[in-house]
Amino acid sequence: MTYLEELLVTACDQLFSISVQPQLSRPGEQFGDFASNVALQLAKELGQPPRQVAEQLKDYLDANKDSSIAKIEIAGPGFLNFSFNDVTLWQTASAKFKKSMTGQKVLLEYSNPNAFKELHTGHLYQTIVGDSIGRLLEASGAEVYRANFGGDVGLHVARCMWGILQKLGGPELTKLTTVSPEDQAAWISQAYVAGAKADQEGSTAAAEIKQLNQAVYGFHTNDDHESPLAQIYWQCRDWSYSYFKRFYEDLEVAPFDKFYPESTTTEAGLALVKANLGSVFTESQGAVVFKGEEYGVHTRVFITSAGLPTYETKDLGVIASENTDFDYTKRVVMTGNDQSEYMRVVFAALMQFDEALAAKQMHITNGTVRFGDGQKMSSRLGNVTRAAEVIEVVQKAVEADNPALRRQISLGAIKYAFLKQRLGGDIAFDVHESVSLQGNSGPYLQYAQARAQSILKKAVALSDLQNPEFTDGERSLVRKLSEHNSVVEQAVSDLAPHLITTYLYELAQVFNRFYENNRVIGDDRQDLRLTLVSKYAATLKSGLELLNIPAPDKI
RNA sequence: GUACCCGUAGCUCAGCUGGAUAGAGCGUUGGCUUGCGGAGCCAAAGGUCGUAGGUUCGAAUCCUAUCGGGUACACCA
């Protein structure tokens, strides 16, 4: 608890013998540095008008506060507004971030692409947002494990295998070598499209695909790496994983600690379902189901009447496997929001036989990425769903001669555009807006950071300030800087990177306002101001780091 | 039919654990320009917070109903 909070608790106790949990807010600048609404909350209990309660509190606080609080005012319906003295405000702005999650082990599962399929915008979004959430947790001291769960068996794989066989003209392993490494991803994608199309159209193809599906499961259960078809499967599966690896490297995101191909989770999942058959899971129409209605969710099949595990069972398997591997205190899984009801069923089932493990589960969701400029859908981007295409289009839209810089700005543009929106709903993505150098965009902040660096290059800043006294303009900047730690704290507890983007953008605006009216280099107050600029630049940079957005010092 | 998510300025979004005059960006209109990086700053116009009730001293925020959009509901993943 901060000094101010303690003071309020004492005041309420002494004056009214009421114990309160004071909630301090950061009000608009005209109201001071911190505000409390305790008087409003206590008014009813005390049977007094709020302002009268506030008067009593103010008198007590004025008499008992130390010098760190310069001013207490009553405003509006009965708010208590506090202003710090400049030294305390600067100390608040300079305070080290408190690592509140030290000792926690968080398993983050996101991105989750299926092998044998192409990465689309949903993967791009999750990769970027999941990466940032991981950084936020790490910044607060948590150990973070990144997991990636994807389908390497199932109908989609069988369809792709069918397409592959068409392209090869049969199980001709040697022909695979004719596909060059940079074409592998596209080649597999073509095969999948062909297979999916054939599956819908032709009955003979559909039957063949069904057989291939069984065969693929067989490669795993029989540990078959020898038969020609199996070799093709394993080879193309490797291609998929190296394609994913390149994708993550290109985005410069943290690597995954472990991949969980679906095939590796069935055993653990089946074991759990079978162990709880009769109690949690019941047989119905030849299948094994979880009757969710009793628990406020719906019924789902965990093992099909053909004896095959469904995704539900594999999900139980991955939950348990990850727990065994990393011994996590909390697991956060991100999926599209069409899975939210589904996930509730899985968690509800888990709750029935492993309450402790179920309690560690958390599900966050995202909507679909929409393209356009608001007026109309861009004809060029109207139907884009491929991740690679989005990156390509953004790179083309960035105006920079230097290829390395172009890359950094492109990454900044895409990441920021995704991160600035609250998790959960659909994501609006406008290429023009994302690369724009003005407005709430990644490149704007990158520029702001570079501009601050260029000021700092002209003279050396003091490392700290002793008993500073600020002008109004300086104080506004310091005040905004002082909000940083609590914003990051909130972003961590909410798993909400967009709180960081909003703050950084506001900070840059406050700085620009300051800089417009306050000369730094050559001014009488150069030393002090340079220290503020230095603090501002460091804050921007560390904020961009949490978002994993490159912050070049020169643009 | 049942459940979940969403509905805030022309457009795209913040704000939602109840609090002060509902905020940004883009777009529109006007101003600042011999500039430490103007990729900026200042200002104006623009809102029945989907609608109707309710709870409360106080509701964009909580509850109920309703309309509109999306999604999920038995052997796909």
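Computed from the coordinates by the stated procedures, all read-outs in this text should not be read as laboratory data. Fair warning: this is a prediction, and the values are worked out from it, not measured in the lab. We place every Cβ from the backbone using ideal geometry, glycine too, and count neighbours over all the protein chains shown.
Observations, loosely collected:
- Helix A:228-251 vs. chain A, principal-axis angle (Cα, 0 to 90°, nearest 10): 20
- Cα principal axis extents for the stretch A:56-153, largest first, Å: 72, 32, 22
- Cα pair distances of the stretch A:263-372 binned at 5 Å [whole percent]: 2, 12, 22, 25, 20, 11, 5, 2, 1, 0, 0
- Taken over the stretch A:1-79, the alpha-carbon convex hull comes to 84 cubic angstrom per residue.
- Converting phi to 3J(HN,Hα) with the Karplus coefficients 6.51, -1.76 and 1.60 and the offset θ = phi - 60°, the stretch A:457-465 yields 6, 7, 7, 8, 8, 5, 6, 8, 10 Hz in sequence order, with x at every glycine or proline.
- The C-alpha atoms of chain A define a longest principal axis, and helix A:484-494 lies at about 40 degrees to it.
- Isotropic mean projected area of the C-alpha convex hull, the stretch A:158-274 (nm²): 9.1
- Largest first, the three principal axis extents of the alpha carbons in the stretch A:419-538 are 50, 32, 22 Å in whole numbers.
- Relative contact order of the stretch A:1-85, pairs being alpha-carbon contacts under 8 Å that are 6 or more residues apart, as %: 27
- Remark on the stretch A:315-438: ratio of C-alpha radius of gyration to 2.2 N^0.38 Å is 1.40.
- Ordering of A:461-472, A:79-90, A:245-256, A:99-110 by packing [mean C-beta count within 10 Å, highest first]: A:79-90, A:99-110, A:245-256, A:461-472
- Above-threshold pairs, the threshold being 27 Å between Cα atoms, out of A:K58/A:K99; A:K396/A:K420; A:K98/A:K541; A:K99/A:K415: A:K58/A:K99
- Sorted ascending by nearby beta carbons within 10 Å, beginning with the fewest, A:C12, A:C160 become A:C12, A:C160.
- Each of A:T313, A:T221 was scored by other Cβ atoms within 10 Å of its Cβ. Arranged with the fewest first, they read A:T221, A:T313.
- Taken one residue at a time, the phi angles of the stretch A:131-139 give Karplus couplings (6.51, -1.76, 1.60, θ = phi - 60°) of 4, 5, 4, x, 5, 4, 5, 5, 4 Hz. Gly and Pro are set to x.
- Cα long-axis angle, helix A:203-221 against chain A (0 to 90 degrees, to the nearest 10): 70
- Dipole check for the stretch A:203-298: with +1 at the C-beta of Lys and Arg, -1 at the C-beta of Asp and Glu, and the Cα centre as origin, the magnitude is about 140 Debye.
- Averaging 1/r across all pairs of distinct Cα atoms in chain A and inverting the result yields a Kirkwood radius of 27.1 Å.
- Cross-link check: pairs A:K291/A:K314; A:K96/A:K480; A:K71/A:K535; A:K258/A:K314; A:K105/A:K314; A:K105/A:K360 evaluated at a Cα-Cα cut-off of 20 Å; pairs beyond the cut-off: A:K71/A:K535; A:K105/A:K314.
- Take every DSSP beta bridge whose two residues both sit in chain A; close to 45 percent of them are antiparallel.
- For the stretch A:285-349, taking the reciprocal of the average inverse distance between every pair of different Cα atoms yields a Kirkwood hydrodynamic radius of 12.8 Å.
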